[in-house]
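All remarks here apply to the structure that follows.
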Amino acid sequence: MDNAAPLGKDLLGIKELKRDDILQILETASAFKEVLERDIKKVPTLRGKTMVNLFFEPSTRTRMSFELAGKRLSMDVINVSIQLSSVVKGETLLDTIRTMEAYGADIVVIRHSSSGVPHLLAGNVNASVINAGDGFNEHPTQALLDLFTIRRMKGRLEGLEVAIVGDIAHSRVARSNIYAMGKLGMNIRLVGPPTLIPAGIETLPGVKVFHRMEDGLAGADVVMQLRVQKERQDSWFFPTISEYAKLYILNSKRLALAKDDAIVMHPGPINRGIEISSDVADGTRSMILDQVANGLAVRMAVLYLLSGARA
Amino acid sequence: MDNAAPLGKDLLGIKELKRDDILQILETASAFKEVLERDIKKVPTLRGKTMVNLFFEPSTRTRMSFELAGKRLSMDVINVSIQLSSVVKGETLLDTIRTMEAYGADIVVIRHSSSGVPHLLAGNVNASVINAGDGFNEHPTQALLDLFTIRRMKGRLEGLEVAIVGDIAHSRVARSNIYAMGKLGMNIRLVGPPTLIPAGIETLPGVKVFHRMEDGLAGADVVMQLRVQKERQDSWFFPTISEYAKLYILNSKRLALAKDDAIVMHPGPINRGIEISSDVADGTRSMILDQVANGLAVRMAVLYLLSGARA
Amino acid sequence: MDNAAPLGKDLLGIKELKRDDILQILETASAFKEVLERDIKKVPTLRGKTMVNLFFEPSTRTRMSFELAGKRLSMDVINVSIQLSSVVKGETLLDTIRTMEAYGADIVVIRHSSSGVPHLLAGNVNASVINAGDGFNEHPTQALLDLFTIRRMKGRLEGLEVAIVGDIAHSRVARSNIYAMGKLGMNIRLVGPPTLIPAGIETLPGVKVFHRMEDGLAGADVVMQLRVQKERQDSWFFPTISEYAKLYILNSKRLALAKDDAIVMHPGPINRGIEISSDVADGTRSMILDQVANGLAVRMAVLYLLSGARA
């Protein structure tokens, strides 16, 4: 898995990207952001190219975002949703993606509940593979759209103080952001109970760990709340959700501890009253819907750049 | 929910439309009907615009009709089917549609099992909302395609005698048609057992109630049979389906009571032998497949007019 | 069901085709194969035409292949997946497809678990019907892509020795290939245990039956392994899968019995270690991914030719 080349064939994780790769994607996304503000939000750039959305985990939002990004570049988009039960062996996964490639798929967007599946597949096909979330590992386009959103609002990235609050240990969104922000010289405060923060993570570039929200938020430029995975509660490392909410919900009182112009982020979908209060979610400093909109521009940029690398 | 403007941002129900709004949609649909009779049934009118089909109830036919209407106007169409279980709070529904809007959806077509959901959502987004059926409330595009079909066959609407037969109380198709036909000066005969007809409905403009089918059909220009919702039978207000069928099925003997040139309508899918006999369903006076085909033209008209209102 | 005309309205089975029909499809597919090797794999040939993929059995691969074939011809493609439970009567099936036709579907691709359903429907609509697999009867586009693949590799069809190995009795792929290869003067060796080979099948043109794999493979030009339907094992006519695999798996030792330049085929998805060993499946003589890729060209050809017959 050599991804050293400037945005090579695949986008598997932020870990494999260089600082300049990230900046190139953000610049390209700015150009596509302008396309999305036009009346006709569509360009013929990738006409005749095919994207397959290969989702082994259900996802409405990420699938829709990639589908729309592809369609706005005039790609043909095929959605394939596969129940885990029908794919039991690594060999079969390889056969599945090789079949997609045989159909002429130029880009395969893959989401899977097991970490590393996109990397395994990418090494075995000529099609470009984009990781749309793999287990607890990475969700690189989410981190890229988060950076894009922050830069648009703050005008810069380096030196910003970003608090990421919640279940850091089981969040691929957090992991991808930690890698990305470290490479860009941002200061990362991971905030959560000890059971939800991986031991030793403070050795990564730019990372500090906080257990009290008040400490983590003081003077922050950005507060990024993670989603509480209520559906995984049986295996959760915290007594109850209401107790968690009491300690880690972002409400307006707590937000007041951050900088006056601090922005609020969340990868969605939000749990109102659990990790974020409604007044903050709907407030003027909330970037939640901007993140969604920017996700389209960022994914168009990734599709465009990977296609260029293949041409 | 002020929808007084001539075909404003949304199409939520016939109740909110004025007579002229309805006529404008029917005129526009006539123009699109010609497009659909061409060899290449497609126009670039709404290229670069995005429609999201957001269905909280399963539906093959209505979803397909909107999807095709959008594609024939060159829209990008995204289908989203959401199980009710995953959306439990009104707030979450709002977040869902705001997310669709953030993706750049110009038009959101929504079907939901609860009455009033499209209205609630429409008031909170800038995207156009089209009600594709909400609970027992309305299904406005069905009524519009019914009117379009009647006018094409009869050359007029005002003064026609229309019998609507079946479970009036639980039919959003019936409700939308009753509103529409009342505004257009049509005479509406609601036919069904007392338990399936809402008390007091005869106070609405143009409405008369009949319990014997023979009385309701005598001299009718149009006979519209409603679908028996067999899947809701446990909560049904009638002893058995076979007893219902004996009293209210439309067969050729009963159809002979209507005018000689009376037409037969049904919103589909039909239950042969329950609310309609096969010889009538497949007979020359049956408009059932014409209704399906006209639905495309009517939905294209609605998409076009709402887009114009937004431009 | 009169399909005597040269590639008439429908493609229901190979049985109904003449030798020249088959050759015409293969020639046309060669032209589309060139399109698929271009950078922009798309032609405007069927712009404004509509294909409905009507699948009563789940299928990812065949659905995707038809969907992509349609999109590369610039068709509008609608996917409809219907659970068998919701369609219980033949009448209702007819109503379903008549509704598709009323929406303006030019071509309906249908897969159904009951033999003969596509034929029944085709006789009752003006839209073209393509059989994408009906029960144990036929899967004609699979046989056509198999022939296309063989001819590309061997330069001819007539006189070739083809071994088809596995559950012949319950394979629509085998049936369609037996009809096709018989019409084209190929020599067909059906290989499998007696319980999985229909009695009397050796009376068909070109067919010989073998029970020992070694006998069936000796001197073959083509070895086509059928998929073991593990999901149907409860009704299977063989003691255990592992015993079956021991007798009928294609491994490199057995492949050595065939001609030196023999090719290996499989309709997919493959069961590694059951009907085919991994070294053979991934070897240089394996055509499995070529079959997938060729399937697109063949299905584009079928869509194109049927549309021409309708124009």
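A short reminder: the numbers here are calculations on the coordinates, not readings from a lab. What you are looking at is a predicted structure, and each value in this text was computed from that prediction instead of being measured. Don't worry about glycine lacking a Cβ; one is built from the backbone with ideal geometry, like all the others, and counts go over all protein chains shown.
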field: Rg/Rg_globular for chain C, with Rg_globular taken as 2.2 N^0.38 Å and Rg from C-alpha atoms
entry: 0.98
statement: Neighbour-count ranking for A:Leu306, C:Leu289 (other C-beta within 10 angstrom, fewest to most) reads C:Leu289, A:Leu306
- prompt: Dipole of chain B (Lys/Arg Cβ +1, Asp/Glu Cβ -1, origin at the Cα centre): which of B:Pro205, B:Gly155, B:Leu247 lies farthest to the positive side?
  reply: B:Gly155
task: Tell me which residues come under 5 Å, amide H to amide H, from A:Ile130 once H is placed; ignore anything under 5 positions away on its chain.
output: A:Leu11, A:Val108, A:Val109, A:Ile110
task: Take the cross-link list B:Lys154/B:Lys259; C:Lys18/C:Lys42; C:Lys33/C:Lys71; C:Lys15/C:Lys42 and give me the ones stretching past 24 Å between alpha-carbons.
output: C:Lys18/C:Lys42; C:Lys15/C:Lys42
query: Any idea what angle helix A:140-154 forms with the longest principal axis of chain A, computed on alpha-carbon atoms, 0 to 90 degrees, nearest 10?
result: 60 degrees
task: Quick one: which residues, 5+ away or cross-chain, put their amide H under 5 Å from the amide H of B:Gly273? H built at 1.01 Å from N.
output: B:Ser278
message: Can you compute 3J(HN,Hα) from phi for each residue in the range A:45-50, using the Karplus curve 6.51 cos²θ - 1.76 cosθ + 1.60 with θ = phi - 60°, rounded to whole Hz and x for Gly and Pro?
response: 3, 10, 4, x, 8, 10
- request: Within the range A:154-251, report the trypsin sites (Lys or Arg not before Pro) that DSSP leaves as loop and that have at most 14 other Cβ atoms within 10 Å.
  value: A:Arg156, A:Arg212
- request: List the residue from chain B whose beta-carbon is nearest to the axis that rotates chain B onto chain A, together with that distance in whole Å.
  value: B:Asn79, 5
statement: Correct response: the longest run of chain B lacking exposed GluC sites (Glu not before Pro), defined by DSSP loop and at most 15 other Cβ within 10 Å, is B:159-311
statement: The percentage of Cα-Cα pairs in the range C:140-287 separated by more than 20 Å is 41 percent
- request: Could you list B:Thr50, C:Thr284 in order of exposure, starting from the residue whose Cβ has the fewest other Cβ atoms within 10 Å?
  value: C:Thr284, B:Thr50
task: Every other copy gets compared here: list the nm distances from the B:Lys18 label point (7 Å along Cα to Cβ) to its counterparts, shortest first, one decimal.
output: 6.5, 6.6
query: Any idea what log10 I(q)/I(0) is at q = 0.10, 0.13, 0.23 Å⁻¹ for the range C:86-209, Debye with uniform C-alpha scatterers and no solvent?
result: -0.40, -0.62, -1.22
statement: Ranking B:Val77, B:Ile164, B:Val52 by how far each Cα lies towards the positive end of the charge dipole of the range B:17-174 (+1 on Lys and Arg Cβ, -1 on Asp and Glu Cβ), the top one is B:Val77
query: With point charges of +1 on the Cβ of Lys and Arg and -1 on the Cβ of Asp and Glu, referenced to the Cα centre of the protein assembly as shown, which listed residue (A:Ile276, B:Ile22, C:Ala31) lies farthest in the positive direction of the dipole?
result: C:Ala31
field: Nm distances between copies for C:Glu202, ranked from closest, using label points 7 Å along Cα→Cβ
entry: 8.1, 8.1
field: Antiparallel %, DSSP beta bridges [both residues in the protein assembly as shown], to 5
entry: 5 percent
statement: Expected sort for A:Ser176, A:Ser81 with the fewest Cβ neighbours (10 Å cutoff) up front is A:Ser81, A:Ser176
- line: Going residue by residue through the range B:17-30, the Karplus relation 6.51 cos²θ - 1.76 cosθ + 1.60 with θ = phi - 60° gives ³J(HN,Hα) values, rounded to whole Hz and with x marking Gly or Pro, of 8, 8, 3, 5, 4, 4, 5, 4, 5, 5, 4, 5, 4, 4
message: For a quick check of your reading of the filter: which trypsin sites (Lys or Arg not before Pro) in the range A:3-51 sit in a DSSP loop and have no more than 13 other Cβ atoms within 10 Å?
response: A:Arg38, A:Arg47
message: Can you tell me what share of the DSSP beta bridges in chain A is antiparallel? A percent to the nearest 5 is fine.
response: 5 percent
- line: Quick note, the protein assembly as shown: a/c under 1.5 would make it rounded; otherwise a/b > b/c is prolate and the rest oblate (a ≥ b ≥ c, C-alpha gyration tensor); here it is oblate
- prompt: Residue by residue, what Karplus-based ³J(HN,Hα) values in Hz, rounded to whole numbers, does the range A:63-75 have, using 6.51, -1.76 and 1.60 with θ = phi - 60° and x for Gly and Pro?
  reply: 4, 4, 5, 5, 4, 5, 4, x, 5, 6, 9, 6, 6
- prompt: Among B:Ile110, B:Ile276, B:Ile82, which one shows the biggest mean-square fluctuation in a GNM of chain B, springs joining Cα atoms closer than 10 Å?
  reply: B:Ile82
task: Enter the Cα centre distance for the pair the range C:238-299 and the range B:189-218, rounded to the nearest angstrom.
output: 67 Å
